[in-house]
Structures are given as C-alpha cells and as structure tokens.
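> Take this structure first; my questions come after.
Computed from the coordinates by the stated procedures, all read-outs in this text should not be read as laboratory data. Model, not experiment: these values are computed from the prediction. Here the Cβ positions follow ideal geometry from the backbone for every residue, glycine too, while neighbour counts run over all protein chains shown.
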Amino acid sequence: MKRVILLSAALFVLFVLPVKADITLLKNDNYNFNFYGFFQFDAVYQSYMMNSYNAPRYPLPDSITNDDSTTNFSAMNSRFGLKWDGPTVYGETKIKGCYEWDLFDATSRNQMKFRTRLAYLELRGKNYSIIAGQHWDIFTGGLPYTLITNGFYWETGNMGFRRAQFRYTRFWEKGEFAVSLSDPTTDNAIKNGTPLLSARYAYKMENNGYFALSATYGQEDLKTGTYPDRIDDSVDMWGVSIDAKIPVTERFSILGEITTGEDLKPFLSRAGYYYDAVEKRFGGMSTTAGWLEFLYSGEKVDFYLGYSRENLTDEDYIADGSLQNDDAAFIGLIHKLGRGVSYGIEITKFNGDYKEIIDTHSTQVLFSMKYAF
C-alpha cells in the first residue's frame, strides 16, 4: 500500500507540473538565463551481449561468454542545460551561450557522472553566427530520431559528434552555409599540427525540412620502425556526406544520411587507419555508411521505422575476427501524455558481420519514460 501511495503521488506531481518550457532563472535588460532538460528512465533488454548496455552499437563476436541475454535499468541518459541571451555587442549582433551536460558514464551502469555535451559562446547577427566552443559537428549533421540517445547508431551508419570548434555560419532565407575549424581529436591528428576543416551547405524546405551537403578534411601523422627502416606517413581523414529531412505531409517525413570517406573514426565511424606491412605504408580505411528513417510525428503519438548500416570496404586490411559490416533495423513508438511527460518503446535488431567467423545478432527492446522541461 505504501508503494502504491508513493507512485500515485509521483504521477500526480508530474501531471500538475507546468507545460514543457524552459525555466527562466534570471531576466533583466541585458541577460536572460534559462534552464532546460529532461529526466529519463531507460529499461533495456538485449537478447545477446552488445558492446554496451547504455550506448549499444553492435553485437559482440560469437563466443560462449557473449551468448547471454541481459537486462539493464538506468537514469544516466537524463540531460540538462543552461542557455542565455546576453546584451547587444554592436549593431544587431548579440552574444549568446549554452552549457549542456548529462550523466553518462561508459564505465558504469548506475554510478553516474556529470559529462559536458555542449559549451559554447555565440555572436549572433541578423544574417550570420560565430560560435566558439564545443558544439555538434557540421559534417554529417543529421541525427536519427530514436530513444537510443547515447548510442545513436554510431559506428552502425550514423556519424557526427560533438567537439571544440570555431564556426562561422551565413544565413539566407532558403539556406545556410557553415565552415568550421575543429579539434583534431586523435593523438596522431594533433601531432599533425592542423585542425579538422569542415563545411556544410543546407537548403531549407517547408515544415523544417532541408537537404544538405557536407565535407571534411584532416590528417594524421603515423610513424613506425627504427633507423634505417623508419616510416613517416601522413594519412588523410576525409569524407563527403548528404543528409536530409524531406517533409512528405505536415506529419510525415523521410530522414536520412549517406557518407563515404576514409579514416573517419573521429566522427564515430569504425573506419580508422591500417598499416600495410608489404608496401610499408599507412592508409586510411574506406567506409560507406548511412541510415534511412520514416517518421510520423503526431500531436500525441510519434511513430518511426528505420535502418542503419556501415560497411568497411578495404577487406584486405581487416583482420580475421574483426567487425567488417554491421547494421540495425529499428521501429519505435512514443506516446506524449502532455505537460512534458512521455513514454516510448523501441525495438532494434542489431547484426554484426565478423570477418571469417560466425555473424552475430542481438534484439534490443528499450522502454523509456521522460519528463522534459
């Protein structure tokens, strides 16, 4: 009886909370600080061992120790942030900022830690924006609609992450162009002495639709051996991507992204670099990856169906037993109860194609409940 009373009281509090909106912490003539975020509970069942309970991307190789089903409950995907609008610096240009964090910790399931997601300042004018700080990549700028908020089908077709960068964006009525210099990310790329260069052009459509083309380029310095057999190579990190959201009706849209390139591991691809012992050289692993999703977004219900896949195409440089190709087919339903409260279920079939050994499969069932404000 005591548990029933506590549960009833918790549900009552959720339903009497205000309609989802940022919470104003401070507002005056020069500053406007707002608090936003969500509390999220996830219950996950996996029919075969995956690379992670909280950030699933692919099933592990075939072995007796991996042949187990698992159950995991977590609240670490909860997320919070602060946004602020500052004073006008000059003309119509204002200063803005954002700091966002979550509780994700890859080393634990329930002992959560604060983790910075976004931290940037922005100068925003009428037709332009300058951002300095940690933000999402402009290369491969699309994100699938999913309840897997920390797996995001990375290394399974989806690419693009968050990193420190300096970005300039120019806006037009029907489009925008952005260019960024970003943190090189890997130790070998940092030693190259040059940042990652990315660019993206997006054409805007009605109902928040768009079609975008993006590209990136960087280098890694790789060395091996001793005198006189030293090898000192620079390997190109490059990629070209198309991502889009195409509204078919007011409620129904098609989302997707397709990417090709080499050595794109900084963008959460599985394609890194390899060493050719015969040719005595380093090279970037080639990849083709992408995802496609059909989304219905209703007033009370969201429904989506999608598929994601990444193929490493340099088969000769993939070691036996390593993951060459992987894919995921997923379906989800989210019921929006109102006042920021929602719950949903997503079912995903993950497949792993390991070179020269048995393919593995895992079905994941994810139940999620959220209160957003």
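> Can you order the peptides 198-208, 260-270 by their average number of other Cβ atoms within 10 Å per residue, highest first?
Values: 198-208: 15.9, 260-270: 23.6.
Taking the mean over residues of other Cβ atoms within 10 Å, the ranking is 260-270, 198-208.
> Given the options 345, 153, 38, identify the residue whose Cα lies farthest towards the positive end of the charge dipole of the chain (+1 on Cβ of Lys, Arg; -1 on Cβ of Asp, Glu).
The one lying farthest along the dipole's positive direction is 38.
> Based on alpha-carbon centroids, what's the gap between region 229-260 and region 82-148 in Å, whole number please?
First find each Cα centre; the distance between them is then 21 Å.
> Going by average Cβ density within 10 Å per residue, which order do the peptides 237-246, 32-41 take, highest to lowest?
Values: 237-246: 20.9, 32-41: 16.9.
The peptides rank, most packed first, as 237-246, 32-41.
> Give the calculated FRET efficiency between residue 296 and residue 365 to the nearest 0.05, with a Förster radius of 25 Å applied to their Cβ-Cβ distance.
Numbers: r = 21 Å, r/R0 = 0.83.
Calculated value: 0.75.
> Looking at the chain as a GNM with Cα springs under 10 Å, which of 122, 356, 176 has the largest mean-square fluctuation?
Of the options given, 356 has the highest mean-square fluctuation.
> What does the net charge come to around residue 164 if you take all other residues with beta carbon closer than 13 Å to its beta carbon, with K and R at +1 and D and E at -1? Provide the component values of the computation, followed by the final result.
Working: positive: 117, 162, 163, 167; negative: 137, 183.
That sum, taken over residues with Cβ under 13 Å, equals +2.
> In addition: Looking only at Cα atoms, what is the convex hull volume of the chain per residue, in Å³? Before the final figure, lay out each step's value.
On the way: hull volume 62.0 nm³, N = 373.
Expressed per residue, the convex hull around the Cα atoms of the chain is 166 Å³.
> Rank-order 360-371, 223-234, 146-157 by packing density, defined as the average count of other C-beta atoms within 10 Å over each peptide's residues, highest first. Don't skip to the end; give the middle numbers.
Numbers: 360-371: 18.4, 223-234: 9.8, 146-157: 23.3.
Result, highest mean Cβ count within 10 Å first: 146-157, 360-371, 223-234.
> Now for a different question. Report the extension gain between residue 187 and residue 23 in nm, rounded to one decimal, defined as 0.36 nm multiplied by the number of residues separating them, less their alpha carbon distance. Numbers along the way, then the final one.
On the way: separation 164, 0.36 × 164 = 59.04 nm, distance 4.00 nm.
Length difference between fully extended and current span is 55.0 nm.
> Further, regarding this structure: Please work out the FRET efficiency for the pair residue 136 and residue 280, using the Cβ-Cβ distance as r and a Förster radius of 41 Å; give the result to the nearest 0.05. Don't skip to the answer; put the middle values down first.
Values: r = 38 Å, r/R0 = 0.94.
Here the calculated transfer efficiency is 0.60.
> Within region 60-159, report the trypsin sites (Lys or Arg not before Pro) that DSSP leaves as loop and that have at most 11 other Cβ atoms within 10 Å. Please report the intermediate quantities before stating the final value.
Working: sites: 79, 83, 94, 96, 109, 113, 115, 117, 124, 126; in loops: 109, 113, 126.
In loop regions of region 60-159 (DSSP not H, G, I, E or B), the sparsely surrounded trypsin sites (Lys or Arg not before Pro) are 126.
> Oh, and also: For region 85-154, what is the convex hull volume of the alpha-carbon atoms per residue, in Å³? Don't skip to the end; give the middle numbers.
Details: hull volume 9.0 nm³, N = 70.
Per residue, the Cα convex hull of region 85-154 comes to 129 Å³.
> Further question: Taking 0.36 nm per residue of separation and subtracting the Cα-Cα distance, what length does fully extending residue 95 through residue 349 add? Don't skip to the end; give the middle numbers.
Working: separation 254, 0.36 × 254 = 91.44 nm, distance 4.47 nm.
Extra length available between residue 95 and residue 349 comes to 87.0 nm.
> Based on the Cβ-Cβ distance from residue 88 to residue 246, what FRET efficiency comes out when R0 is 51 Å, to the nearest 0.05?
Numbers: r = 37 Å, r/R0 = 0.73.
Here the calculated transfer efficiency is 0.85.
> What length, rounded to one decimal in nm, is gained on full extension from residue 121 through to residue 69, with 0.36 nm per residue of separation minus their alpha-carbon distance? Spell out each step's value before the answer.
Numbers: separation 52, 0.36 × 52 = 18.72 nm, distance 4.44 nm.
Here the segment from residue 121 to residue 69 would lengthen by 14.3 nm.
> Which values, in whole Å and largest first, are the semi-axes of the equivalent ellipsoid of region 203-337 obtained as the square root of 5 times each eigenvalue of the Cα gyration tensor?
Working: eigenvalues 323, 55, 20 Å².
After diagonalising the Cα gyration tensor, the semi-axes are 40, 17, 10 Å.
> So what are the ³J(HN,Hα) numbers for region 181-196, from phi and the Karplus equation (6.51, -1.76, 1.60; θ = phi - 60°), rounded to whole Hz, Gly and Pro as x?
10, 10, 4, x, 6, 7, 4, 5, 6, 4, 5, 6, x, 10, x, 6
> Can you compute the modelled spin-label distance between residue 207 and residue 113, with each label point 7 Å from Cα toward Cβ, in nm?
Placing both labels 7 Å along Cα→Cβ, they lie 4.3 nm apart.
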